[in-house]
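Here is the structure we will look at.
The values are calculated or read from the model by the stated rules, or taken from the named source; none is laboratory data. These numbers come from a predicted model, not from an experiment. Note that we place each Cβ from the backbone using ideal geometry, even for glycine, and neighbour counts take in every protein chain shown. Surface accessibility is based on the protein's heavy atoms, side chains included, excluding ligands, DNA and RNA. Shrake-Rupley method; radii C 1.70, N 1.55, O 1.52, S 1.80 Å.
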Amino acid sequence: MKTLLLDNTDENIAKAAEILKNGGLVGLPTETVYGLAANALEGRAVAKIFAAKGRPADNPLIVHIADFSDIERFNLVREIPESVKLLAENFWPGPLTMIMKKSDVIPDEVSAGLDTVAIRFPSHPTAQKIIKESVLPLAAPSANLSGSPSPTTALHVMSDLSGRIDAVVDGGMSDVGLESTVITLAEKTPRVLRPGGITLEQLRSVLGNVELDNAVLHQLEKGAKVSSPGMKYKHYAPKANVILLKCSDSEYIDYVNEHANESTAALCCDEDIEILNVKCFSLGKRSDYSAQAHRLFDELRKIDEDENIKTVYSRLPSLDGVGMAVYNRLIRAAGFEVIDLGKM
Ligand code: AMP
Ligand code: MG
């Protein structure tokens, strides 16, 4: 199949909506990353997402809506907990996905056999227009091949999925750059399953007690039960070996320069570029965690394009604010390998 790369015009949004109504697949821009959308109410359409991405069948999808009232309009859940209403008032539309008990209209392909469904109301105007125009809730995981970094531009989507999906709508580079925060409200205590653009601090400021799932910062033991199936897969891994260094700024510079050769590179900050003797892929200013989130996947893809690079050194990110989301992605890219220079 030939994949259409569509500009962000009203005519093309109508075309994308038509494809979705007919059971096709469309890559669309959201503020987190690009999504690969299908009609969430049609199991056969959703199954095509898994085939196009090579996504494991036990990894459920997020359902995207264009208004809070869509949850009831499409009858997506058994009940809407008060906590969901509170979080929606504060953070929707935006990079927050909320998990609730699902209703019978959600096909098993979406929930991967769980009794819950993940729902998000994205803020990107193009995503909202496509959802509204199609008059459907849209199941949409990230629009990458499973295992490669999530796409933050339409060209990333084309490079992974051209020939495998019907169309991509180009809405510019994604603002946040990392996938949404995922929180479950289907259990007694709210729990973050994946950190993202809405921080743990922000969630606690609204709900009080919010737990952090063990899989967010730690490697799961083999066979352990996971609350969020996506967390058990090796995600976001570039071809080069990513090594995280737990160290001070000066230790980082010294270590990377001592290991400098044609096959090493640094995933670093703007402040390091002048003083490092290796190829630098900067995520932005050292204190700007949002910039680091915004650029992370794009820089990982650039590293992949350079065949010479075999090893990439990065600092272990901070856990503060959006830093936790960067930490969560990078520690997976590194296969949980951290060198603690303080202990050497
Ligand atoms: P992606 O859309 O590629 O960003 O992945 C969606 C993420 O949300 C994955 O990590 C899924 O495991 C998680 N997710 C989706 N639905 C559920 C659910 N019902 N329960 C737990 N996690 C979910
Ligand atoms: Mg994904």
>> For a test of the definition: using alpha carbon positions, the gyration tensor, and the 1.5 limit on a/c, classify region 238-314 as rounded, prolate or oblate.
In response: oblate
> In terms of Cα to Cα distance under 14 Å, which aspartates and glutamates are near enough to LYS85, apart from those fewer than 8 places away along the same chain?
Replying inline: ASP67, ASP70, GLU72
>> Please check: in the Gaussian network model of the chain (C-alpha springs, under 10 Å), which one of ALA127, ALA143, ALA88 has the largest mean-square fluctuation.
In response: ALA88
>> Could you sort THR184, THR189 by their accessible area in this structure, using a 1.4 Å probe and putting the largest first?
In response: THR189, THR184
>> Could you report the accessible area of ARG204 in Å², rounded to 10, computed with a 1.4 Å probe on the protein chains as they sit in the structure?
In response: 110 Å²
> Quick one: net charge of THR152's neighbours, Cβ under 11 Å, K/R +1, D/E -1?
Replying inline: -3
>> Among THR184, CYS269, GLY342, which residue has its Cα furthest toward the positive end of the charge dipole of the chain, with +1 on Lys/Arg Cβ and -1 on Asp/Glu Cβ?
In response: THR184
> Under the rule of -39500 (n - 2.57) per DSSP H run of 4 or more residues, summed and divided by the residues of the chain, what mean residue ellipticity at 222 nm is obtained, to the nearest 500 deg cm²/dmol?
Replying inline: -9000 deg cm²/dmol
> How much length is gained if the chain between SER248 and LYS101 is pulled fully straight, taking 0.36 nm per residue apart and subtracting their Cα-Cα distance, in nm to one decimal?
Replying inline: 48.5 nm
>> With a 1.4 Å probe and all protein chains kept in place, how do HIS124, HIS218 rank by accessible area, largest first?
In response: HIS218, HIS124
> Considering only DSSP states other than H, G, I, E and B, which GluC sites (Glu not before Pro) in region 147-210 qualify as loop sites with at most 13 other Cβ atoms within 10 Å?
Replying inline: GLU187
> Taking H as built 1.01 Å from N, whose amide H comes closer than 5 Å to the amide H of LEU212, not counting residues under 5 places away?
Replying inline: VAL192
>> Could you compute how much accessible surface ARG55 exposes when probed at 1.4 Å, giving the result in Å² to the nearest 10?
In response: 40 Å²
> region 137-215 to region 216-256: how many Å between their Cα centroids?
Replying inline: 18 Å
>> On a straight-distance basis, which lysines could pair with LYS246 in a cross-link, Cα separation under 26 angstrom, same-chain partners fewer than 8 positions away excluded?
In response: LYS222, LYS232, LYS234, LYS279, LYS285, LYS302, LYS310, LYS343
> What percent of all Cα-Cα pairs in the chain falls in each 10 Å bin, counting up from 0?
Replying inline: 6, 26, 34, 23, 10, 2, 0
> Spin-label point model (7 Å from Cα, Cβ direction): what's the ILE273 to ARG164 distance in nm?
Replying inline: 3.3 nm
>> Test of understanding: what is the full-extension gain from SER69 to ASN257, defined as 0.36 nm times their sequence separation minus their Cα-Cα distance?
In response: 62.2 nm
>> Net charge around LYS246, counting only other residues with Cβ within less than 15 Å of its Cβ (Lys, Arg = +1; Asp, Glu = -1)?
In response: -3
> Tell me, what HN-Hα J-couplings in whole Hz come from the Karplus equation 6.51 cos²θ - 1.76 cosθ + 1.60 at θ = phi - 60° for each residue of region 4-20, using x for Gly and Pro?
Replying inline: 7, 9, 9, 5, 7, 10, 4, 4, 6, 5, 5, 5, 4, 4, 4, 4, 5
> Over the chain, what percent of the accessible surface lies on carbon and sulfur atoms, probe 1.4 Å?
Replying inline: 48 percent
> Hey, which lysines would be in cross-link range of LYS132, C-alpha to C-alpha under 18 Å, not counting anything within fewer than 8 residues on its own chain?
Replying inline: LYS15, LYS21
> Which whole-number percent is the relative contact order of region 129-254 (Cα, under 8 Å, 6+ apart)?
Replying inline: 20 percent
> How much net charge surrounds THR184 when only other residues with a Cβ under 9 Å from its Cβ are counted (Lys, Arg +1; Asp, Glu -1)?
Replying inline: -1
> How about region 77-147: which GluC sites (Glu not before Pro) there are in a DSSP loop, with at most 13 other Cβ atoms within 10 Å of their Cβ?
Replying inline: GLU79
> Using θ = phi - 60° and the Karplus curve 6.51 cos²θ - 1.76 cosθ + 1.60, what whole-Hz ³J(HN,Hα) does each residue of region 276-283 get, with Gly and Pro shown as x?
Replying inline: 8, 9, 10, 5, 10, 10, 8, 9
> Rounded if a/c is under 1.5, else prolate if a/b is larger than b/c, else oblate: which is region 15-73, with a ≥ b ≥ c the root eigenvalues of its Cα gyration tensor?
Replying inline: rounded
> So how exposed is LYS246, as accessible area in Å² (1.4 Å probe, rounded to 10)?
Replying inline: 100 Å²
> Under the Karplus relation 6.51 cos²θ - 1.76 cosθ + 1.60, θ = phi - 60°, what is the ordered set of whole-Hz ³J(HN,Hα) values for region 147-153, x standing for Gly and Pro?
Replying inline: x, 9, x, 4, x, 10, 9
>> In Å², and per residue, what accessible area does the chain have when probed at 1.4 Å with the other protein chains present?
In response: 42 Å²
> Using 0.36 nm per residue, how much length does the chain from ALA14 to SER318 gain when fully extended, once their Cα-Cα distance is taken away?
Replying inline: 105.2 nm
> By DSSP, what percent of the beta bridges with both residues in the chain are antiparallel, rounded to the nearest 5?
Replying inline: 35 percent
> Does region 122-272 come out rounded, prolate or oblate, given a ≥ b ≥ c as the square roots of the eigenvalues of its C-alpha gyration tensor, rounded meaning a/c under 1.5 and, failing that, prolate meaning a/b above b/c?
Replying inline: oblate
